[in-house]
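The values are calculated or read from the model by the stated rules, or taken from the named source; none is laboratory data. Quick caveat: nothing in here was measured; it's all calculated off a predicted structure. All Cβ positions, even for glycine, are placed from backbone atoms using ideal geometry, and neighbour counts span all protein chains on display.
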Amino acid sequence: MINYLKNNPDNVSEWFFAHVWLSVVPVVLGLIIALPIGWVASHYRWTYPPITNLAGLLYTVPSLALFIIMPSILGTKILSPINMVVALTVYSVALLVRVVADGLNSVAPDVRAAATAMGFTGLGRFLKVDLPIAVPVITAGLRVATVSNVSLVSIGALIGVPQLGSLFTTGFSRYIPGIVLLGIVLCLVLALVLDGLIILGGRLLTPWQRAVAKR
Amino acid sequence: MIKFESVVKKYPDGTVAVNGLDLVAPSGKITVFVGPSGCGKTTSLRMINRMIEPTSGTIWLDDQDTGKVSESTLRRGIGYVIQHAGLFPHRTIVDNIATVPLLLGWDKKKARARSLELMERVGLDPNFARRYPAQLSGGQQQRVGVARALAADPPVMLMDEPFSAVDPVVRGELQDEFLRLQSELGKTIIFVTHDIDEAVKLGDQVAVLKVGGTLAQLASPAELLTDPVDDFVAGFVGRDRGYRALGFESGTLDAASEQTVKFGDDSATVLRAGRDGWALAVDEARRPLGWVRSAAVPSGKQVGPELLHRGGTLASVSGSLRAALDAALSSPSGRGVLIDENGALVGTVTAAEVVQRIESHLHARRDQHDEGAVSGG
Ligand SMILES: Nc1ncnc2c1ncn2[C@@H]1O[C@H](COP(=O)(O)OP(=O)(O)OP(=O)(O)O)[C@@H](O)[C@H]1O
Ligand SMILES: [Mg+2]
């Protein structure tokens with residue numbers, strides 16, 4: 001495991017960073033897309049069941065299948081990483097729509113009524129009241145989406161997109177378990193680091209939550 | 001002035017929450033909506049700032065038809081306080097209070113300064129400014145709720161059971177401070193409660209609502225207690241309404257002077273001062289401390305805190321007859337203690353004396369009534 005890292009440092013670091021952005025970009029895009037959809041699902045109550053059910057359905061499409069059919073939908077090259085980014089974005093949206101809607105619904109009825117009575121409306125209300133209060137719930141969802149993306153990305157090795165998953169295919173074809181182990185360790189490290197960053201970000205955005213915990 | 005004109009609210013599911021409400025809430029006064037659960041109090045209140053749209057009828061704010069003003073303009077001129085305060089959990093106390101001023105475009109500094117000023121006004125420790133709502137007690141949160149509603153100095157305040165989620169002692173304090181605040185600010189207030197005692201204590205006028213959303217009676221608290229229009233109102237204001245109505249009767253009582261004792265006096269002094277076996281102990285400022293049973297001071301011993309009976313309530317000499325009667329009834333000596341505005345002893349009255357005064361009031365009222373009836377008929 002260490003030997004392989006010593007002999008191929010460039011390969012491994014290139015795969016590592018490819019893995020980073022293949023994991024992160026879809027979650028960021030997914031959140032941007034999920035925010036308005038989640039808002040619709042929480043604002044117009046009747047849309048909540050169909051939207052979240054549809055999202056749940058999307059999430060059950062096998063990832064490998066999605067990676068493979070992407071080129072025919074998007075007209076991209078079969079090896080293009082764009083296929084993976086789009087496919088993983090779809091998963092992130094599927095996961096985050098419900099999270100965003102639930103987060104926005106977590107605003108207490110009293111707080112809602114007070115906000116309305118003070119004349120908050122539209123975007124101002126979303127940005128200043130609903131979204132900040134939803135941050136803890138959304139953060140929890142982002143952690144799940146990111147960590148699951150780290151593992152989904154490695155499947156991309158099967159369709160030839162280079163990232164840490166390539167360590168699994170390499171190790172497998174050469175019968176060297178150490179290389180597979182290296183892949184697992186690096187994936188784990190990456191997942192933990194990204195998870196930690198999200199927790200940190202969430203904390204910075206919600207000083208009020210810690211104030212409550214300290215009481 | 002807030003004026004309801006044949007206001008009806010029928011919810012989409014067919015529930016008629018408010019049925020033809022006609023009512024005027026005069027400027028600068030507290031109008032209380034009281035009634036059993038589900039009688040349409042919240043619905044009526046929320047139609048004023050259009051959180052709920054009336055099905056028919058008009059609500060006027062002075063000479064403005066509220067249906068013809070934009071919702072946000074309307075709401076920013078109306079303070080709103082609710083049960084559990086509904087504070088923003090993610091904002092500090094100072095920012096919670098500054099919400100409406102900031103929405104109105106005040107600069108940050110001015111809004112903060114206003115916020116701090118209001119914290120002082122409603123009796124909040126300025127050290128709470130940087131705290132978050134979850135770090136405050138229910139009573140403190142409620143004060144923040146009131147401060148937040150007052151922040152932009154709206155002429156109108158709507159309050160929906162603002163004090164009902166706190167314990168009785170804190171509720172009493174909040175009510176007293178609310179009255180003090182109102183005497184300084186003179187807002188036009190509609191206050192919702194299902195507690196008749198609160199209604200009677202706070203209201204300049206009280207509107208009793210019935211389930212089905214109709215107005216049963218609109219009257220001053222004293223009138224409501226002494227002259228309920230029907231069985232529903234009579235039942236709602238309660239069986240002891242006669243006694244409670246005394247809370248609105250004040251009359252000068254002839255206080256009997258009382259020989260007093262102080263800590264350190266010996267048993268002989270207490271025996272001399274005592275009347276019917278009881279002596280009243282006071283401090284240097286002549287504030288009553290409690291009663292001492294004359295026979296309970298062993299000879300050679302001195303009066304000290306352990307000998308005090310503190311059961312009696314104190315009544316202000318210029319206060320209500322109800323308070324005076326309560327002082328007499330609760331006193332171990334049977335003599336009710338009357339104090340002046342500084343808390344110093346004025347003298348004592350017995351229950352019989354207070355009752356006599358009450359009776360003479362009632363006679364006077366009955367005579368007036370009869371005269372009114374004669375000249376009216
Ligand atoms: N959104 C709604 N849809 C249907 N019915 C409603 C709605 N809101 C309130 N009601 C009904 O209207 C009636 C009046 O409700 P409202 O909340 O005004 O009562 P309330 O006097 O404030 O009661 P409480 O003292 O319990 O707060 C009730 O019968 C209630 O069930
Ligand atoms: Mg209510």
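Name the single residue, out of those in segment B:27-51 being within 14 Å of chain A (Cβ to nearest Cβ) and within 13 Å of ligand 1 (Cβ to nearest atom), that is farthest from B:Thr193 (Cα to Cα). Explain how you work it out, then say what you get.
Of segment B:27-51, the ones within 14 Å of chain A (Cβ to nearest Cβ) are B:42-43, B:45-51.
Checking which are within 13 Å of ligand 1 (Cβ to nearest atom) leaves us with B:42-43, B:45-48, B:51.
Details: B:Thr42: 9, B:Thr43: 13, B:Leu45: 11, B:Arg46: 14, B:Met47: 17, B:Ile48: 17, B:Met51: 19 Å.
Ranking the qualifying residues of segment B:27-51, first place goes to B:Met51.
Could you list all residues from segment B:69-120 that are small (Gly, Ala, Ser), touching a helix residue (DSSP H, G or I) at 6+ places or on another chain (Cβ under 6 Å) and not in a loop (DSSP other than H, G, I, E, B)?
Correct list: B:Gly79, B:Ala111, B:Ser115.
Go through segment A:113-134 and count every residue that is within 8 Å of another protein chain (Cβ to nearest Cβ) and of a type outside the set (Gly, Ala, Ser).
7
Return the residues of segment B:184-196 that are within 16 Å of ligand 1 (Cβ to nearest atom) and surrounded by 17 or more Cβ atoms within 10 Å (Cβ to Cβ); say none if nothing qualifies.
Once the filter is applied, which keeps residues that are within 16 Å of ligand 1 (Cβ to nearest atom) and surrounded by 17 or more Cβ atoms within 10 Å (Cβ to Cβ), segment B:184-196 yields B:Ile190, B:Phe191, B:Val192, B:Thr193, B:His194, B:Ile196.
From B:Gly235, B:Gly304, B:Gly242, B:Gly251, which residue is at pLDDT 90 or above, among the small types (Gly, Ala, Ser) and surrounded by fewer than 19 Cβ atoms within 10 Å (Cβ to Cβ)?
B:Gly235
Of the residues B:Leu280, B:Leu181, which single one is in contact with a strand residue (DSSP E or B) (Cβ under 9 Å, 6 or more places away or on another chain), in contact (Cβ under 8 Å) with a residue 40 or more places away in the chain and surrounded by 14 or more Cβ atoms within 10 Å (Cβ to Cβ)?
B:Leu280
Of all the residues that make up segment B:155-170, how many are away from ligand 2 (no atom under 16 Å from the Cβ) and surrounded by 19 or more Cβ atoms within 10 Å (Cβ to Cβ)?
3
Quick check on B:Leu224: is it touching a residue at least 12 places away in the same chain (Cβ under 8 Å) and either over 30 Å from B:Gly20 (Cβ atoms) or within 16 Å of ligand 1 (Cβ to nearest atom) (or both)?
Details: touching a residue at least 12 places away in the same chain (Cβ under 8 Å): yes; either over 30 Å from B:Gly20 (Cβ atoms) or within 16 Å of ligand 1 (Cβ to nearest atom) (or both): no.
Taking the combined requirement at face value, the residue does not satisfy it.
Here is a list: B:Arg114, B:Arg46, B:Arg76. Which entry is crowded, with 19+ Cβ neighbours inside 10 Å, within 16 Å of ligand 2 (Cβ to nearest atom) and charged (D, E, K, R)?
B:Arg46
Assuming B:Asp95 fulfils every condition listed in (1) surrounded by fewer than 23 Cβ atoms within 10 Å (Cβ to Cβ); (2) at pLDDT 95 or above; (3) within 14 Å of ligand 1 (Cβ to nearest atom) apart from one, which condition is it?
Every listed condition holds for B:Asp95 apart from (3).
Among the residues of segment B:1-26, write down those that are of a type in the set (Val, Ile, Thr), buried (at least 18 other Cβ atoms within 10 Å of the Cβ) and either within 15 Å of ligand 1 (Cβ to nearest atom) or at positive phi (or both).
B:Val7, B:Val18
Restricting attention to segment B:1-42, which residues are hydroxyl-bearing (Ser, Thr, Tyr) and over 28 Å from the mean Cα position of the chain (by Cα)?
Correct list: B:Ser6, B:Tyr11, B:Thr15.
Starting from segment B:1-26, keep only residues that are within 15 Å of B:Ala207 (Cβ to Cβ), then list their pairs with residues that are near ligand 1 (Cβ under 8 Å from one of its atoms) and of a type in the set (A, V, I, L, M) whose Cβ atoms are within a distance under 8 Å, requiring at least 6 positions of separation or different chains.
B:Val7/B:Val18
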